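Peer 1: Please read through the structure below; I'll follow up with questions.
The values are calculated or read from the model by the stated rules, or taken from the named source; none is laboratory data. Model, not experiment: these values are computed from the prediction. Using ideal geometry, Cβ is built from the backbone for each residue, glycine included, and neighbour counts are taken over all protein chains shown.
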C-alpha cells in the first residue's frame, strides 16, 4: 500500500465512523420522539416524520449548494479533487432528496389527504432532484475525467443560480406547506386561530436531529469522497 | 537570413493527460523559420496531441506553448500565426467551396476577402467547382480545399496531421509544392505522417515521439532507409 | 476581429446552412403541430374546452419545439470537426457563444412565427391586438429557453446521447420562464390590468438577463478542451 492509498483509507475510516455515529443519533432521537414525547396538538402521530423530513431538507440543500461552490472553485483552482468532492456531495444530495420525496407524500397523505399537492417545497425538491439527475446523466456519458469535471462544474454553477428562480416559481405557483416550525412568533393568548411555536419538548429532538443529519451528511460525503479518490488513484496506477 | 532566428514554435515542458492516460510527458520542442519537421512515432505516441497543443486546440495539463512569443491560449488574436490541417477536413458539407473559404477568411479578419478566396481556389485548382457544395466534391478536391483553408491566412507555422492520407498523386504533389513554397517564404512546417516517403526530401529535421516522450530529435538523415532502421531500434529500446 | 463581427459571421454561416435544406425549421414546425394534436386528442372533450386548454398548449408546444431546434447548433459543427476550424481562428469563445445563440434565437423566432398563427387557427383564438402581446412574450421566453440551451447543447454534443441529454439538462431551466410566460399569456388573453401583465414580463426579462450573462461567462469553460 502506498502512502496515497493509506491517506484515502484514513478519510474513509473517519467517514464511516461519523456516519455510524450519525445513524445511532437518528435512531436515538426516534426512540425519544416515539416513546417519550407527547403527540403534537394538531397533527398527532404524523408529526413524528418531521424528525427526518426537515433535517433531510437541510442536508440536501447544503449538499447541492456545495456542488455549486466547488464548481466555482474548480474553475479557479482546477484541482481534480474538487470534482471528486462535487460528485460525492451531489450523490449524497440525491440520497437526502429521496428521503424527502418519500417522507413528504407519506405525511401529505395523512394531513392533506393527498400524496402530492404541488406544495412549493416538495416541488422545489423534485425540480432540484431532476436537475441533478441530468448532472449524473451527463457525467455518465463523458469519458474524459477532465471534461466531466468541467461540465459538472458548469451545471453546478448554473443550478445554483437557478435555485432562486425555482423558489420563486413554486411559491408563485402554489403554497400550502406548513410554515417552518422554527422561529415562529409566540401566540398572544386572545388569538385562538394562531398556531403556537413548537413546544420545547417537541423542538428539542428536532434540533438534535438537525445535528444528527449534518453528521450523516459529513459521514456520507467523506466516505463517498474516499471512494472517488480511490477509484481515481486505482485508474491512475493502472494507466502507468 | 541571420544565423540566430527567434523560434516560431517554442514548447516547454508540455504534458497532457486524458484522465489518467498520459499522452505527452515533458516535451520540449522549438521550431524555427524555414524548418520542415517530420514527426514520427507509433500509434498513440502523442503526435496528434502535440500538434493540437501547439495549435491551441488542446490545453496542456502542464507546460507552455509560445508561437512567435505569444501564448495562443491567453491571446486569441495570435492564433492567426498557426495553420492546422487536421485529418478531418474542418469543412461544412452544406456550404460551397467558396463559402467555406469566405467564412474562414472572415473569422481570420482578412481584408480583400473575395480576391483572396478566388486566388486560393485557383491555387487549389478548384475555380471550376467554386460554387459546388463541398458534400458532393471528390475526396481529393475536399482535401485540396482543406489545405487552402488551412493556409488562407498565410500562417507563420503550418501544422499537418496525416496530410497525405487518401490524397491522390496530383493533390499530394500540390501539397508538396505548397510546403516548398512556404519554406521559401520563411515559414515553419510540422508534419505528422505514417508515410514519411511522401515528404522525406522536403524535411529538414526528424523528431521521434514514443509514449509521449521525445526519443530523438535530429537533422534529417540523407536516406530514408537509414532512418527507418534507426527508428525501429529506438522503439525497441 | 471584434466579438460582434465574429458572432455575426458565425450566425450568418449557421443560418445559411439551415436555409440550404431547412431541416431544423421544417422538423420543428411539424413537431410543434404534432404536439398540438397530442393535446387535443388527449384532452377530455366533455370537461376541458379548447379555450381553457389554449395557453397551456401554446407553451408546451413552444418549449418542446425550442428544445428540438437547439441540438442543431453544435451537431453541425461536429461534422468534419468543423468546430476546430472556428477555435483555430482568432475569435474568442464569447463570440462563438453569441454567434450560436443569435442563430438559435433567429431560428426559434421563425418557428414561433409559424407555430403561433397555427395555434391561433386550431384553437380558434380571436385575432386581436392581444396577439401582439403574446408575440412579445414569446420572444422574451425564447431568450430564456435558448440562453441555457445554447450552453447545454455545446456540452451534450460531446457525448453520443446528445438528443436525449439536452432535454433532460435543459427542461429544469425551461420551467421558470415557461411559468412566467404562461402566466403572462393567461392574463393577456383574459384582459387583465396592464400592471399585472408587466409583473410577469419583468420576471421573464430578469431570467433572460441572468442566464444570458451566466451562459456567456461559462461558455469559454465548456470550450476549453
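Peer 1: Considering only the stretch C:17-26, I want to know if a residue exists there that is surrounded by fewer than 16 Cβ atoms within 10 Å (Cβ to Cβ), away from chain B (no Cβ under 13 Å) and either at pLDDT 90 or above or more than 23 Å from residue C:169 (Cα to Cα) (or both).
Peer 2: Yes: the stretch C:17-26 contains one or more residues that are surrounded by fewer than 16 Cβ atoms within 10 Å (Cβ to Cβ), away from chain B (no Cβ under 13 Å) and either at pLDDT 90 or above or more than 23 Å from residue C:169 (Cα to Cα) (or both).
Peer 1: Could you tell me whether the stretch C:51-68 includes any residue that is under 13 Å from the mean Cα position of the chain (by Cα), touching a residue at least 24 places away in the same chain (Cβ under 8 Å) and within 14 Å of chain B (Cβ to nearest Cβ)?
Peer 2: Within the stretch C:51-68, not a single residue is under 13 Å from the mean Cα position of the chain (by Cα), touching a residue at least 24 places away in the same chain (Cβ under 8 Å) and within 14 Å of chain B (Cβ to nearest Cβ).
Peer 1: In the stretch B:100-135, which residues are free of Cβ contacts under 8 Å to residues at least 40 places away in the same chain, surrounded by 15 or more Cβ atoms within 10 Å (Cβ to Cβ) and not in a helix (DSSP H, G or I)?
Peer 2: Within the stretch B:100-135, B:109, B:126, B:130 meet the criteria.
Peer 1: Could you check how many residues of the stretch A:117-144 are farther than 18 Å from residue C:165 by Cβ and without any contact (Cβ under 8 Å) to a residue 40 or more places away in the chain?
Peer 2: Total satisfying the criteria: 1.
Peer 1: A follow-up question, please. Do you know which residues across the stretch A:123-145 are at pLDDT below 90 and within 7 Å of another protein chain (Cβ to nearest Cβ)?
Peer 2: A:144, A:145, listed by residue number.
Peer 1: Which of the following residues is within 18 Å of the chain's Cα centre (by Cα) and within 14 Å of another protein chain (Cβ to nearest Cβ): B:57, B:39?
Peer 2: None of the others qualify; the one that does is B:57.
Peer 1: May I pose another question? Does the stretch C:184-199 contain at least one residue that is facing chain A (nearest Cβ under 10 Å) and buried (at least 22 other Cβ atoms within 10 Å of the Cβ)?
Peer 2: No, the stretch C:184-199 contains no residue that is facing chain A (nearest Cβ under 10 Å) and buried (at least 22 other Cβ atoms within 10 Å of the Cβ).
So that you can scan it fast, the table gives a plain yes or no per residue for (1) assigned to a strand (DSSP E or B); (2) out of contact with any helix residue (DSSP H, G or I) (no Cβ under 8 Å at 6 or more places or on another chain); (3) closer than 16 Å to residue B:211 by Cα:
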{"site": "B:13", "(1), (2), (3)": "yes, yes, yes"}
{"site": "B:23", "(1), (2), (3)": "yes, no, yes"}
{"site": "B:27", "(1), (2), (3)": "yes, no, yes"}
{"site": "B:34", "(1), (2), (3)": "no, no, no"}
{"site": "B:42", "(1), (2), (3)": "no, no, yes"}
{"site": "B:94", "(1), (2), (3)": "no, no, no"}
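Peer 1: So which pairs qualify, if the first residue must be in the stretch A:102-116 and free of Cβ contacts under 8 Å to residues at least 24 places away in the same chain, the second must be outside any helix (DSSP H, G or I) and loosely packed, with under 13 Cβ neighbours inside 10 Å, the Cβ gap must be under 8 Å, and the two must be at least 6 apart or on different chains?
Peer 2: Pairs found: A:105/A:115; A:108/A:114; A:108/A:115; A:109/A:115.
Peer 1: Find the residue count for the stretch C:69-88, including only residues that are in contact (Cβ under 8 Å) with a residue 12 or more places away in the chain and in contact with a helix residue (DSSP H, G or I) (Cβ under 8 Å, 6 or more places away or on another chain).
Peer 2: 11
Conditions (1) closer than 25 Å to residue C:217 by Cα; (2) assigned to a helix (DSSP H, G or I); (3) at pLDDT 90 or above, marked per residue:
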position	(1), (2), (3)
A:16	no, yes, yes
A:22	no, yes, yes
A:30	no, yes, no
A:38	no, no, no
A:46	no, yes, no
A:50	no, yes, no
A:64	yes, yes, yes
A:86	yes, yes, yes
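Peer 1: Kindly indicate whether any position in the stretch C:144-154 is more than 8 Å from chain A (Cβ to nearest Cβ), within 14 Å of the chain's Cα centre (by Cα) and over 15 Å from residue C:68 (Cβ atoms).
Peer 2: Within the stretch C:144-154, one or more residues are more than 8 Å from chain A (Cβ to nearest Cβ), within 14 Å of the chain's Cα centre (by Cα) and over 15 Å from residue C:68 (Cβ atoms).
Peer 1: Here's something else I'd like to know. What number of residues within the stretch A:29-68 satisfy the criterion of being free of Cβ contacts under 8 Å to residues at least 40 places away in the same chain, loosely packed, with under 15 Cβ neighbours inside 10 Å and within 14 Å of residue A:205 (Cβ to Cβ)?
Peer 2: Going through the stretch A:29-68 one residue at a time, the tally reaches 5.
Peer 1: Considering only the stretch C:173-205, how many residues are over 17 Å from residue C:138 (Cβ atoms), assigned to a helix (DSSP H, G or I) and either at pLDDT below 95 or more than 17 Å from the chain's Cα centre (by Cα) (or both)?
Peer 2: Matching residues across the stretch C:173-205 total 4.
Peer 1: Further question on the same structure: Looking only at the stretch B:131-150, count every residue that is touching a helix residue (DSSP H, G or I) at 6+ places or on another chain (Cβ under 7 Å) and closer than 22 Å to residue C:86 by Cβ and tell me the total.
Peer 2: Selection size over the stretch B:131-150: 9.
Peer 1: Scan the stretch B:152-164 and give yes if some residue there is on the phi < 0 side of the Ramachandran plot, at pLDDT below 90 and in a helix (DSSP H, G or I), otherwise no.
Peer 2: no
Peer 1: Among the numbered criteria (1) without any contact (Cβ under 8 Å) to a residue 60 or more places away in the chain; (2) in contact with a helix residue (DSSP H, G or I) (Cβ under 8 Å, 6 or more places away or on another chain); (3) surrounded by fewer than 24 Cβ atoms within 10 Å (Cβ to Cβ); (4) away from chain B (no Cβ under 13 Å), which single criterion is violated by residue C:169?
Peer 2: That leaves (3) as the condition not met.
Peer 1: Can you tell which of A:149, A:117, A:137 is more than 16 Å from the chain's Cα centre (by Cα) and not in a helix (DSSP H, G or I)?
Peer 2: Sole residue among the options that is more than 16 Å from the chain's Cα centre (by Cα) and not in a helix (DSSP H, G or I): A:117.
Peer 1: Ok, one more. Yes or no: residue A:71 under 30 Å from residue C:202 (Cα atoms) and in a helix (DSSP H, G or I)?
Peer 2: Yes: the conditions hold for residue A:71.
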